[in-house]
Amino acid sequence: MRPSRVTLDGLLFALITIINLQRTDQWRGPGTTPNLEDIVIGRCYDYIETVNPSVGKKNCTAIWEAFQGAFISKDPCSVFPSDYERYINLTLHDIPMNKSLFWENNKQLVHRLSDRGKRYMALGDTLMGWLADNLHFCGSSSNSGFDYNSCPTSSECESNAQESFWRSASVTYAKHSSGEIQIMLNGSTPGGGFPMPRAVRILQCVDFPGNPECTTNSGSGFTSVWITMIPVWFTIMNNYGNMND
C-alpha cells in the first residue's frame, strides 16, 4: 500500500488551523461575554420599563445594532470613541441637575450610594452605561463575529472596544452633567486619593447611618475616622457649573 502524498491544499489547511488556534489566546483580557445580544437588549427593556421609565421609549434593537456595529468584525485594537457615536445618540437622555456623581476606584460603594439613580446618577446608572456595565466585548478581524476567546486589555492597546466605549460614554456624561457635581474617591488605594491617607470603614453606614457602629457613642474609635472620611466621600462637591456645551 503506497503512502498518501501530502497535498498543497492540506498543508495550507493545517497552517490556517494552527494560526487560528494560536489566536484563541492572543489577548490577556476575557473574551466577549456569551449571549451578549440577549443581555444588552434585555437590559435595555429593563431600564426603560422599570429602572428609569422617565427616559421615554427607546429602540432597543437599534441600540444593539449600533453597539455591536462599533466593533464587530474589526481589528480589536482599531476601535475608536467616535465609532460609538450612533450608540451614544440613541441612548442619550437627560441627567438631572445636581445628581451627577464622578468616582474612581470605588465602584461597589458608588452604586450603593447612587441606588440605581434614585440618590445620584453615576455613569453606570445612565442608559448608555447601564447596558455595558461589567460586560466584555470585542470583534475579530479574522471573521465576521465576536471574539469569545479573548479581548485586548488597555495595556496591550488603548484603542480597544471597551476602552473606547467608556471614553466616549464618559465624555458624553461629563458634557451633559450640570449644577453641583459630586465626586467620590477612594482614599484607601495605594498612595491615597488625597495627600493624607484616609481609611474606608463600615460601608453599611452609607445606608444605615443609625447603626451603633456608625454613631459617636460606639466607643469603637470609629468616630474620628468617620468624621475625617466625610470630606473624602460625601462633601467634596466641586461645582463645575453647567458643563453642557
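Here, each number is a calculation from the coordinates, and none is a lab measurement. Keep in mind that this is a model prediction, so the values were computed, not measured. Glycine gets a Cβ as well: all are built from the backbone with ideal geometry, and neighbour counts include every protein chain shown.
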Residues of the range 54-70 that turn out to be touching a helix residue (DSSP H, G or I) at 6+ places or on another chain (Cβ under 9 Å) and within 24 Å of residue 122 (Cβ to Cβ), as a count
10
Scan of the range 87-118 for residues that are more than 22 Å from residue 44 (Cβ to Cβ) and surrounded by fewer than 16 Cβ atoms within 10 Å (Cβ to Cβ), ordered by number
97, 98, 104, 105, 108, 112
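So for the range 106-115 (the condition being in contact with a Ser or Thr (Cβ under 6 Å, 6 or more places away or on another chain) and either in a loop (DSSP other than H, G, I, E, B) or over 18 Å from residue 39 (Cα atoms) (or both)), does at least one residue qualify? I'd like the intermediate steps shown before the answer.
Step one: of the range 106-115, the residues in contact with a Ser or Thr (Cβ under 6 Å, 6 or more places away or on another chain) are none.
No - not one qualifying residue is present in the range 106-115.
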